[in-house]
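Derivation of every value follows stated rules applied to the coordinates shown; laboratory data play no part. From a predicted model like this one, the values you see are computed outputs, not experimental measurements. Neighbour counts are summed over all protein chains in view; Cβ atoms, including those assigned to glycine, are modelled from backbone coordinates with ideal geometry.
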Amino acid sequence: MAFLDLLYFGSLRETLGKDGERVDPPSHVLTIEDLVAWLGERDEPYRSAFGAPSRIGGAVEGERVGNRDSIFGAREVALFPPPGAL
Amino acid sequence: MIDIRIQAGDFDPGRQLGRLEELGRAAVSGFVAMVEAAEDVTEILVEHHPVLAKNALRRIAEETERNWPLAGIILIHRHGRLRRGERLAFAAVAASDPRHALDGCCFLVDALRSRALFWRKELAADGSGRWMEP
């Protein structure tokens with residue numbers, strides 16, 4: 001897979017201390033779920049940030065997707081905690 | 001007609017309802033979300049990404065339009081720093097059938113609460129803050 005630009009929002013951004021980064025995921029990372037699991041294997045603060053994978057949502061190229069949806073070929077993926085400001 | 005606005009500034013609910021009234025349908029139903037927070041919260045921060053937020057609101061509006069025969073939909077969501085008592089969001093629809101207007105507006109509000117891609121942090125006077133996540 002080519003390089004992937006990640007965007008982080010909300011508490012996820014704050015826990016990680018950055019609003020995004022460029023990564024090079026291994027070939028077995030095919031879905032949002034895979035990506036979150038892979039990031040969660042890193043040292044802190046990633047372990048804490050991705051400690052509850054089911055609470056992390058994703059969007060591919062600006063469109064929200066399900067966690068089992070593919071990120072194959074994506075250039076930009078956003079990851080975020082449950083949204084809602086109301 | 002679908003009109004989606006994401007903005008830092010305030011909006012005038014009456015003026016927005018008036019735009020829907022001009023469509024000449026039997027019913028206009030509207031909802032205004034206000035900022036409510038605990039006493040120690042001085043303001044909230046509404047975080048968003050322009051493209052993600054706009055796409056999410058567009059999908060919500062399109063889904064609403066598929067489910068009910070509506071003549072118009074207006075969705076407005078504010079971002080940035082807001083104080084208690086300020087307007088936060090607006091959802092309104094126009095329809096020929098009052099039940100469709102009410103149900104469509106209810107659907108929009110529920111979707112705004114759970115699917116609109118905005119994140120809220122409550123900020124206290126002492127500088128502390130907490131993210132409010134469902």
Condition set surrounded by 17 or more Cβ atoms within 10 Å (Cβ to Cβ) and out of contact with any strand residue (DSSP E or B) (no Cβ under 6 Å at 6 or more places or on another chain), scope the stretch B:93-111, selection farthest from the other protein chains (Cβ to nearest Cβ): answer is B:H100
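What is the residue count in the stretch A:61-73 for residues that are touching a residue at least 24 places away in the same chain (Cβ under 8 Å) and either more than 12 Å from the chain's Cα centre (by Cα) or within 13 Å of chain B (Cβ to nearest Cβ) (or both)?
6
Scan the strands (runs of 3 or more DSSP E) fully inside the stretch B:36-123 and keep the ones with 1 or more residues being in contact (Cβ under 8 Å) with a residue 24 or more places away in the chain and of a type in the set (V, I, T). Give the steps one after another, and end with the answer.
On the way: elements: B:41-48, B:70-78, B:80-83, B:87-95.
Filter on the stretch B:36-123 gives B:41-48, B:70-78, B:87-95.
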Pairs returned, first residue in the stretch A:31-60 that is away from chain B (no Cβ under 14 Å) and assigned to a loop (DSSP other than H, G, I, E, B), second residue that is of a type outside the set (K, R) and surrounded by 17 or more Cβ atoms within 10 Å (Cβ to Cβ), beta-carbon separation under 6 angstrom, 6 or more apart or interchain, are A:P45/A:T15; A:P45/A:L16; A:F50/A:V36; A:F50/A:L39
How many residues does the stretch B:112-134 hold that are out of contact with any strand residue (DSSP E or B) (no Cβ under 9 Å at 6 or more places or on another chain) and within 11 Å of another protein chain (Cβ to nearest Cβ)?
2
Which residue out of A:A49, A:A78, A:A2, A:A59 is farther than 21 Å from B:N55 by Cα, aliphatic (A, V, I, L, M) and touching a helix residue (DSSP H, G or I) at 6+ places or on another chain (Cβ under 8 Å)?
A:A49
Among the residues of the stretch A:1-20, which ones are part of a loop (DSSP other than H, G, I, E, B), within 13 Å of another protein chain (Cβ to nearest Cβ) and of a type in the set (A, V, I, L, M, F, W, C)?
A:F9
If B:A89 satisfies every condition in (1) within 11 Å of chain A (Cβ to nearest Cβ); (2) surrounded by fewer than 22 Cβ atoms within 10 Å (Cβ to Cβ); (3) among the aliphatic types (A, V, I, L, M) but one, which is the exception?
(2)
Meets criteria (buried (at least 17 other Cβ atoms within 10 Å of the Cβ), of a type in the set (S, T, Y) and in contact with a strand residue (DSSP E or B) (Cβ under 9 Å, 6 or more places away or on another chain)) for B:T42
no
